[in-house]
Structures are given as C-alpha cells and as structure tokens.
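The values are calculated or read from the model by the stated rules, or taken from the named source; none is laboratory data. Keep in mind the model is a prediction, meaning the values are calculated, not measured. Every residue, glycine as well, gets a Cβ built from its backbone with ideal geometry; the counts of neighbours run over all protein chains shown.
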C-alpha cells in the first residue's frame, strides 16, 4: 500500500513556439487545463502502475477542486484523506515551448495548509512495510513530521526533492529513498557543476554516510542509482518529447509502485524510466501518465 502525502493542483498550461526570455512577450499557440500537483501526479502514476494508493493532502472549495481530483478518483485512488481548506485549490502556471521544455510557477494555496497534524494522521493510518511518498510542494515541517512518523512505524519513505526549496538538502537526508534530478542532487551533495564521474563519486560518498538509496534522473540519459553499495543504471526510451511536464513524477510513482510490489530494484528502475519516457509523448502531467500495460510493452 502506498500513501502519497503531498500537493494537489490544477495545471494551467499555455503552449508557445519558444519560451519567452525575461521581459519578453510571445504569442501562445494553445491553452488547456489538467489535474496536477507533484503529490497527485505521483499518486496517479503509482495507481496506474497497479498499486493500491491513498492520497493525503488538501484542496479548496472552489471550482478547481473536483477537476483536480477527477483522474485519481477515476483510477480508484483512495481520497478519504484529502481535506477541504478555506484557501483555493493550488495551481501551477505552465509554459511549454516547441521543444517540449517548460517553465512553471506554482501557487501553493490549499497545499500550504497541509499540516504536521495531517502528516501524523496520514502515517497513523499506514501499516509497517507500507510506502510513504513525499515531495516539496507542501510545508517543510509537515514533510519532516511525516518522515519521522514513518521511521517510527517501520514505513518506507520515498522523497522526491522537488521543487528545489531551501529545505531540500536537509529533508533529502532524512528519507529511506531519495529521487533527484541532476540539479537537485547537486544541492543534496553540496557540490555544483558535476560531470558524470564526479556525480557517481558523490553518490557513493553520500550513500556511505547515510545508507540511503539514492536515485538521480538524467533526462534522455536515463537514471543512475546506488543501493546497498551497488551502482545501477537504467535507460528510458529514445523519443522526441512533446511535453516533459510530469515525467519525473511518473518516474517516481512507477518506482514506488514497483518496489511496493516487491520487484527487483534494477527492474523497478527500468520500468520507471520507461514510464517517464512515455509520459513525455503527450501534453499535460496527469493525462500523459501511461498505464501499466503500455509500460509493460516497452520495458
């Protein structure tokens, strides 16, 4: 069983031929909305991967609340731990360029009300051996409280240290499994501008200090990880990306679901990398998350 403790948003997405430079206005070619939020994205990915999933977080009482939950509800996720806040549902304002790259501004709103009490309640409903997934779009104190409660209860904690907040490095060292992209790992390790050789050396060093499983996603180059002292690598698919929004969240959800199901770590990495690649082939975050059968055909 996986509990995702994190953010729930509506994504407001504008597409354009190229991303604007600072102070520049460019013409957009389209606009859409989609359910999002790193917590909700990862919950849906884990559910579509086949795991039993419970989402814990907050939405507003506004018109965005139900659409933000719709795909999780449709997929059969347990939403009983999602409460209604006095603040609006969180939003992410996303610009997607013609090459698939994006820039995002997140407005926390209801996500900012997710509390330490919410964290403790979410973990209290879990069993030893369950998996807790976390990200950094809710208050740092709540994330820290959830990890502490999980450790006391024998629940495996998985943290994706995104977005890269000032608390990312500290919180990243507390969980059992850490997922980061290249920039996020540099913050975790306290070293900037790493090449591949230095990155692996720093992963070995940090793993030796903390014993954590460390996973660094490398975009088109796949993923590198260290677990039980062994470095492993996995490749995704060779693709032409349409939209990279949500690819990292898809990776995280599939990884957690695969490990929760008892899959071998190397196989779980490959499955998650393939799922992340497939998520780049459609626009939007949650709508692009692939189903388990689609991933199985390519993994």
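When only residues in the stretch 88-115 that are over 24 Å from residue 180 (Cβ atoms) and either touching a helix residue (DSSP H, G or I) at 6+ places or on another chain (Cβ under 9 Å) or without any contact (Cβ under 8 Å) to a residue 24 or more places away in the chain (or both) count, which is surrounded by the fewest Cβ atoms within 10 Å (Cβ to Cβ)?
Filtering first and then ranking leaves 115.
For the stretch 56-135, list the strands (runs of 3 or more DSSP E) that sit wholly inside it and hold at least 2 residues that are touching a strand residue (DSSP E or B) at 6+ places or on another chain (Cβ under 8 Å), at negative phi and modelled with pLDDT under 95; which are they? Before the answer, list the steps.
Numbers: elements: 78-84, 90-96, 102-107, 131-134.
Output list reads 90-96, 102-107.
Within the group 223, 231, which residue is in contact with a helix residue (DSSP H, G or I) (Cβ under 9 Å, 6 or more places away or on another chain) and either surrounded by 19 or more Cβ atoms within 10 Å (Cβ to Cβ) or modelled with pLDDT under 95 (or both)?
Working: 231 fails: either surrounded by 19 or more Cβ atoms within 10 Å (Cβ to Cβ) or modelled with pLDDT under 95 (or both).
Criteria check complete, one pass: 223.
Residue by residue, here is whether (1) within 21 Å of residue 165 (Cβ to Cβ); (2) buried (at least 19 other Cβ atoms within 10 Å of the Cβ) holds:
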{"site": "180", "(1), (2)": "yes, yes"}
{"site": "185", "(1), (2)": "yes, yes"}
{"site": "193", "(1), (2)": "yes, no"}
{"site": "201", "(1), (2)": "no, no"}
{"site": "205", "(1), (2)": "no, no"}
{"site": "210", "(1), (2)": "yes, no"}
{"site": "214", "(1), (2)": "yes, yes"}
{"site": "217", "(1), (2)": "yes, yes"}
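Which residues, taken from the stretch 262-299, are surrounded by 24 or more Cβ atoms within 10 Å (Cβ to Cβ) and not in a helix (DSSP H, G or I)?
285, 289
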